[in-house]
Structure formats: structure tokens, C-alpha cells
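J.: One structure coming up, written as C-alpha cells, with questions to follow.
The values are calculated or read from the model by the stated rules, or taken from the named source; none is laboratory data. Since the structure is predicted, the reported quantities are computational estimates derived from the model, not experimental observations. Using ideal geometry, Cβ is built from the backbone for each residue, glycine included, and neighbour counts are taken over all protein chains shown. The accessibility values were calculated without ligands, DNA or RNA, using every heavy atom of the protein model including side chains. Shrake-Rupley method; radii C 1.70, N 1.55, O 1.52, S 1.80 Å.
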Amino acid sequence: MTVLVFLDPGFPEGRLADGSEPQLMATDLGATRGDGIFESMLAVDGKPRKMAAHLDRLGSSAQALDLVPPARDAWERAVATALAQLMLQAGPGEAVVKLLLTRGAEGAASPTAWVAASPLPAGSRERTADGLAVLLLDRGYDSTLAERAPWLLLGAKTLSYAVNMAALRYAKANGADDVIFTSSDGKVLEGPTSSVILAVEEDGVKTLLTPELESGILPGTTQRALFDAAEAAGWARGYGPLEPVHLMEADAVWLVSSIRLLAPVTSIDGTPISSSPALTEELTSLLREALSEA
Ligand SMILES: Cc1ncc(COP(=O)(O)O)c(C=O)c1O
């Protein structure tokens, strides 16, 4: 079940549309060229989580693509309409809320913008809780390319996710669950739909590490929320460059994202790595608490 709400100037609260009927022009450049951006956000019992951070990132992605997004309050009202409708249809619980913005139908002067809300598929988080077998896959460019080649839109959350989905299929076809991309100069980047975080403890100092944002990765809103919450709880934080050896030697590694939260990695390229259910539990509860306030 998917509730759709289009951002339409004639409908200040957003225009509800039937999710089981076609709604987009077949010439929409989001569909024909992947020319658009999106956000995936968690909602719990009708309340969006860290919406401001998602709207900030939507704004940066829009800027990278020279798209003019609708105003923040228009998104906020459309999300509220979608979630109210979802609560009516599906009741309370966790939901996936997508914000989508395309360059619009060919020849049209305005972008297409809509919100799609659906219940979190049952069991989807539990499936990753036992741990992920991950493959390291080469993304084919070096970690300094983002600065030199802004037209590649590295770091923007574009609708062109075909490569990310192909990487996940490649992992599944090769007996793994997920992927961590590496750069051609051997740096750890991110997952196809997640940020990479690792924990190390040295001389009694617990530290969370993640690759540096300048390496052409998407700035993760979950990674940031978790780092802030962990720092407030006494953890140190650090940013890469990280290499595969750091993953192999860490006390624990997770793939994190808005919907999945923390998914522990238990093997890399078939080699078991250290994981810690206690750390996963500690950090998940810190994150959930932070999210309930964001
Ligand atoms: C490529 C990529 N990196 C990182 C993330 C994690 O971002 P967030 O924590 O904001 O969901 C995502 C989320 O879908 C992603 O697609």
C-alpha cells in the first residue's frame, strides 16, 4: 500500500493521488533519464524522523542538479498529509516516506514533486539484524574525483540508482547480502544504500569512524545523527580516509541508513570480521532516542 501526495500549487496541503493508478507523464524526465533526486525517510506512528536533515540534503542535491525544489513548508505539509492518510489506512507503526523531485515532463516548465508513504515491510529490519555478508566492490574512480568533476553529481541523492541496484544484485548472485564500494585508490566509500561506520576501542577510548565526506559519498543523515548522539554519550568520532584493512581490524562494522538503522556486518569478501551485538544494541538505542527527538 502506497499513499501518494503530489506537491501542487493548487493544493496547499498537497494533492492526494491513488497509488494504484498511473500518475506520472510517460515523458517525465525522472522516468526517462533518471533526472531527479529523492530522499528516503523513516516515520514512526505518523511522525517523520529527522525531516530537517532530509530537507537540507534534498536542497543540496537539488542545487547540484540545478533544480529548484518546492519550499520546505510545502514538503512538510505534503508529508503530514501523506502520513495522516497512511495512519487512517494502515494504523500506527513504522513507515517509509520518500520525497521525490524530477525535472518534470519533457517540455514542461516545472519540476514534478511528490511524497510516497508506505508501511515498512514486515520483517525487513529483522532480516539484516543477524549480520550481513558484504562484498567490497570497486566503484571505478578515485576518492578525489568528486571535487574535480562536479557534473558527476557524486554526493547528490539522484534518482539514477541503477548502478547501486546492480551492485546489490551482483552481491546476491555471489552469495553475499550487501556491498561496500571502494575507490580506485583503495579507500572505503559507502554501501549502495547506506553509510559505513566502524567502531574501535583503543586505550579505553571508544571511537566511531566513517569515510570522509569529500571522497564522493552521500552525506548520511543517520551517520550524522548517530555520531552526534554517540559523542554526547562519551564516544570519540573520526573521519577517514579508511581502507579495507580498517574494516577487517575494527571491533565492529555497520551499514547504516534511515530505514534500516544499524545493520551489523559479519563478513567481508567471505572472511568473518569481529562484530558485537552489545555495541549494536547500545548504538541502536542511542540512535533511536536521538531520532525520536529529531
Ligand atoms: C548511497 C547512499 N549512501 C548513504 C545512505 C544513507 O543515508 P541516510 O542515513 O541519510 O539514509 C544512503 C541512503 O539511502 C545511500 O543511498
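J.: Residues of region 2-36 being touching a residue at least 60 places away in the same chain (Cβ under 8 Å), assigned to a loop (DSSP other than H, G, I, E, B) and of a type in the set (D, E), which ones?
T.: Selection gives D35 alone.
J.: Separate question: Would you check if there is a residue in region 195-210 being in a helix (DSSP H, G or I) and either within 16 Å of the ligand (Cβ to nearest atom) or under 25 Å from E293 (Cβ atoms) (or both)?
T.: Looking through region 195-210, none of the residues is in a helix (DSSP H, G or I) and either within 16 Å of the ligand (Cβ to nearest atom) or under 25 Å from E293 (Cβ atoms) (or both).
J.: Scan region 270-284 and give yes if some residue there is free of Cβ contacts under 8 Å to residues at least 24 places away in the same chain, in the same structural domain as D178 (by TED's automatic domain parsing) and within 15 Å of the ligand (Cβ to nearest atom), otherwise no.
T.: Yes.
J.: Could you tell me which residue of region 9-51 is surrounded by the fewest Cβ atoms within 10 Å (Cβ to Cβ), considering only residues that are closer than 21 Å to Q63 by Cα and acidic (D, E)?
T.: In this case the residue turns out to be D35.
J.: Do any strands (runs of 3 or more DSSP E) lying entirely in region 216-294 carry at least 1 residues that are modelled with pLDDT of 95 or more and open to solvent by 30 Å² or more (accessible area, probe 1.4 Å), and which ones are they?
T.: Result: 236-239, 261-268.
J.: So, in region 122-146, of the ones that are of a type in the set (A, V, I, L, M, F, W, C) and closer than 17 Å to E190 by Cα, which residue ends up modelled with the lowest pLDDT?
T.: The selected residue is A146.
J.: Suppose we keep only residues that are of a type in the set (V, I, T) and closer than 30 Å to A290 by Cβ within region 22-47. Which one would you say is nearest to the ligand (Cβ to nearest atom)?
T.: Per the stated criteria, the residue is I37.
J.: Residue check: is P69 surrounded by 16 or more Cβ atoms within 10 Å (Cβ to Cβ), within 18 Å of the chain's Cα centre (by Cα) and within 30 Å of L287 (Cβ to Cβ)?
T.: So P69 does not fit the description; no.
J.: I'd like to verify a number: residues in region 57-74 that are in contact (Cβ under 8 Å) with a residue 24 or more places away in the chain and either more than 16 Å from the ligand (Cβ to nearest atom) or farther than 18 Å from V5 by Cα (or both), how many?
T.: Within region 57-74, residues that are in contact (Cβ under 8 Å) with a residue 24 or more places away in the chain and either more than 16 Å from the ligand (Cβ to nearest atom) or farther than 18 Å from V5 by Cα (or both) number 11.
J.: Is it the case that some residue within region 40-55 is in a strand (DSSP E or B) and hydroxyl-bearing (S, T, Y)?
T.: yes
J.: Which of the residues belonging to region 92-150 are in a helix (DSSP H, G or I) and without any contact (Cβ under 8 Å) to a residue 24 or more places away in the chain?
T.: Once the filter is applied, which keeps residues that are in a helix (DSSP H, G or I) and without any contact (Cβ under 8 Å) to a residue 24 or more places away in the chain, region 92-150 yields E126, R127, R148.
J.: Next question, about the same structure. Could you pull out the residue among A173, A122, A133 that is surrounded by 15 or more Cβ atoms within 10 Å (Cβ to Cβ) and away from the ligand (no atom under 16 Å from the Cβ)?
T.: Being surrounded by 15 or more Cβ atoms within 10 Å (Cβ to Cβ) and away from the ligand (no atom under 16 Å from the Cβ) holds for just one of A173, A122, A133, which is A133.
J.: Before we move on, is L209 over 14 Å from the mean Cα position of the chain (by Cα) and either more than 23 Å from A64 (Cα to Cα) or not assigned by TED's automatic domain parsing to the domain that holds E249 (or both)?
T.: Spelling it out, L209 is indeed over 14 Å from the mean Cα position of the chain (by Cα) and either more than 23 Å from A64 (Cα to Cα) or not assigned by TED's automatic domain parsing to the domain that holds E249 (or both).
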